[in-house]
Amino acid sequence: EIANRPAAAFRRDAVARTRIGIDHCNEPGFGQRRVLLRVKPAEVRPGRILVVDDEPVVLEVLAGLLGLQGHEVETVGSGTAALEKIAAISYDLIFSDVRMPGLDGPGLYREISERHPALLARLVYITGDTLSPDVEAFLSRTAVTCLAKPFVFDDLERVVGRFLSTGT
């Protein structure tokens, strides 16, 4: 687990130069770029967000980007640690990697569905493995929104806006 850095430590222009893939992974055209929703930042309410990934760099980048949007972000490096946080704290949105050692994304989904089923509607998967047949089958079966790695700030902003829009 890494400590959250101040949002000012991250530069939006540096992140904007990275490549993006964003999909609603369970829909036809899987793997093709798709805009989910355009939301202006002013229309998004600040939220409490949990990020679950075994890669410290991904945790750090997501915490920084989400912090730039004004969200309170907590990070954990495993599905087991995520379940402990979820049991103690209410989150508006959860980002989770699919492939992690121990309790992976599908295992986390299963545990959340049994313990906190209402949270499933606020779960977003982040993965760099969108072409694997088992990952594709899992994402199709669960109908969870997916943000494909690598991603940029604007598409992360749209995904968050989809869930934390002040109009919802």
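The values are calculated or read from the model by the stated rules, or taken from the named source; none is laboratory data. Given the structure is predicted, the values throughout are model-derived calculations rather than measurements. Note that we place each Cβ from the backbone using ideal geometry, even for glycine, and neighbour counts take in every protein chain shown. To get the accessible areas, we keep the full protein, side chains included, count just its heavy atoms, and leave off ligands, DNA and RNA. Shrake-Rupley method; radii C 1.70, N 1.55, O 1.52, S 1.80 Å.
For the stretch 46-59, which residues satisfy the criterion of being over 10 Å from the mean Cα position of the chain (by Cα) and in a loop (DSSP other than H, G, I, E, B)? If the condition is that a residue be over 10 Å from the mean Cα position of the chain (by Cα) and in a loop (DSSP other than H, G, I, E, B), then P46, G47, D54, E55 are the ones that fit. Checking the stretch 60-75 against the condition returns no match, with no residue being surrounded by fewer than 17 Cβ atoms within 10 Å (Cβ to Cβ), of a type outside the set (G, A, S) and part of a helix (DSSP H, G or I). Considering the conditions (1) open to solvent by 10 Å² or more (accessible area, probe 1.4 Å); (2) more than 21 Å from P117 (Cβ to Cβ), I89 is excluded by exactly one of them, (2).
Return the pair list, or none, for Cβ contacts closer than 9 Å from residues in the stretch 147-164 that are under 19 Å from R99 (Cα atoms) and modelled with pLDDT of 85 or more to residues that are part of a helix (DSSP H, G or I) and aliphatic (A, V, I, L, M), at least 6 apart or on different chains. Listed pairs, sorted by first residue: L147/L156; L147/V159. The set of residues in the stretch 107-159 that are in contact with a helix residue (DSSP H, G or I) (Cβ under 7 Å, 6 or more places away or on another chain), under 15 Å from L66 (Cβ atoms), open to solvent by less than 40 Å² (accessible area, probe 1.4 Å) and in a helix (DSSP H, G or I) comprises F153, L156, E157. Please go through the stretch 76-103 and give me each residue that is part of a strand (DSSP E or B) and among the hydrophobic types (A, V, I, L, M, F, W, C), ordered by number. Correct list: V76, L93, I94, F95. Here is a check on your reading of the model: is T80 among the polar types (S, T, N, Q) and in contact (Cβ under 8 Å) with a residue 24 or more places away in the chain? Here the answer is no, as T80 does not meet what is asked.
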